[in-house]
1. Given that just one value was derived from the coordinates, which of (i) 18.7; (ii) 19.5; (iii) 17.5 is Kirkwood radius over Cα pairs in Å?
2. List the GluC sites (Glu not before Pro) within region 98-145 that fall in a DSSP loop (any state other than H, G, I, E or B) and whose Cβ has at most 14 other Cβ atoms within 10 Å.
3. Per DSSP helix of 4 or more residues, -39500 (n - 2.57); summed, then divided by the residues of the chain. What does that give at 222 nm, rounded to the nearest 500?
4. Quote the convex hull volume per residue of region 1-67, based on C-alpha atoms, as a whole number of Å³.
5. Of the lysine pairs in the chain, how many meet both conditions: Cα atoms under 17 Å apart, and a spacing of 8 or more in sequence or different chains?
6. Just flag the chymotrypsin sites (Phe, Trp or Tyr not before Pro) in region 10-110 sitting in loop per DSSP whose Cβ has no more than 16 other Cβ atoms within 10 Å.
7. Let me check the size of region 104-155 from its C-alpha atoms; what are the radius of gyration and Dmax in Å?
8. Report the relative contact order of region 1-133, percent, no decimals, based on alpha-carbon pairs under 8 angstrom and at least 6 residues apart.
Amino acid sequence: MPPKARITREMVIEAGLNIVRKEGAEALNVRRVASELDCSTQPVMYHYKTVGELKADVYAAADGFHTNYLMNPDESTADPRLSIGMRYIRFANEEKHLFRFLFQSGKFRNADLRDLIYSDELAPLIQAICGQTGLSGEQAREAFETLFVCVHGAASILANNEMEFDEAYYVRMLGNTFNGMVSVLKGEEKK
């Protein structure tokens with residue numbers, strides 16, 4: 001009789017990620033992961049003593065999946081400054097459960113939007129906006145903050161509703177928002 005396949009921690013995380021993608025975070029539990037792996041709960045519990053630990057690792061995997069999705073080159077958006085925003089919106093439309101798990105599950109409770117805007121991870125994007133627009137670092141952050149709220153709002157609407165995704169509409173909306181902010185901020189410079 002051949003030995004049973006060993007269930008690795010990576011296999012458990014991948015199964016958990018697949019469950020969240022297909023069914024939502026509320027379906028993620030030890031029994032459901034074991035079912036996905038076609039095993040008993042024992043191998044899952046060997047790697048994870050609590051469901052909270054499992055959810056934390058699945059969240060990290062989902063975050064990595066989301067980051068990879070955002071950073072994939074996208075030639076379909078004419079304005080490269082808007083391509084990450086469009087990918088964020090597309091992600092919410094295509095991966096509704098994952099979007100809700102990442103951004104609407106209370107993970108950012110008591111966080112401040114300014115913490116994101118001033119994070120080290122965002123610095124290269126802010127510098128690129130400065131180079132493309134001639135805005136100062138503070139102005140670029142303000143423009144990004146406004147664009148981010150617009151992008152996240154659109155993404156949330158798509159992730160939580162059965163609405164039609166109209167790419168041209170969102171490209172125009174993001175372009176108008178970003179270009180409008182740049183114009184306003186440059187106009188303030190002249191005063």
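Throughout, read-outs are computed from the coordinates displayed, never taken from laboratory work. Since the structure is predicted, the reported quantities are computational estimates derived from the model, not experimental observations. Backbone-built Cβ (ideal geometry, glycine too); neighbour counts: all protein chains shown.
1. (i)
2. Details: sites: Glu121, Glu138, Glu142, Glu145; in loops: none.
Nothing satisfies the criteria.
3. Values: 10 runs with 135 residues, N = 191.
Computed ellipticity for the chain at 222 nm equals -22500 deg cm²/dmol.
4. Details: hull volume 5.4 nm³, N = 67.
Measuring per residue, one finds 81 Å³ for the Cα hull of region 1-67.
5. On the way: Lys22/Lys55; Lys22/Lys96; Lys55/Lys107; Lys96/Lys107.
Within the chain, the lysine pair count is 4.
6. Numbers: sites: Tyr46, Tyr48, Tyr59, Phe65, Tyr69, Tyr88, Phe91, Phe99, Phe101, Phe103, Phe108; in loops: Tyr48, Phe108.
Here the chymotrypsin sites (Phe, Trp or Tyr not before Pro) that fit, given the DSSP loop and packing criteria, are Phe108.
7. 12.0, 37
8. Numbers: 87 pairs, mean separation 32.0, N = 133.
In percent, rounded to a whole number, it is 24.
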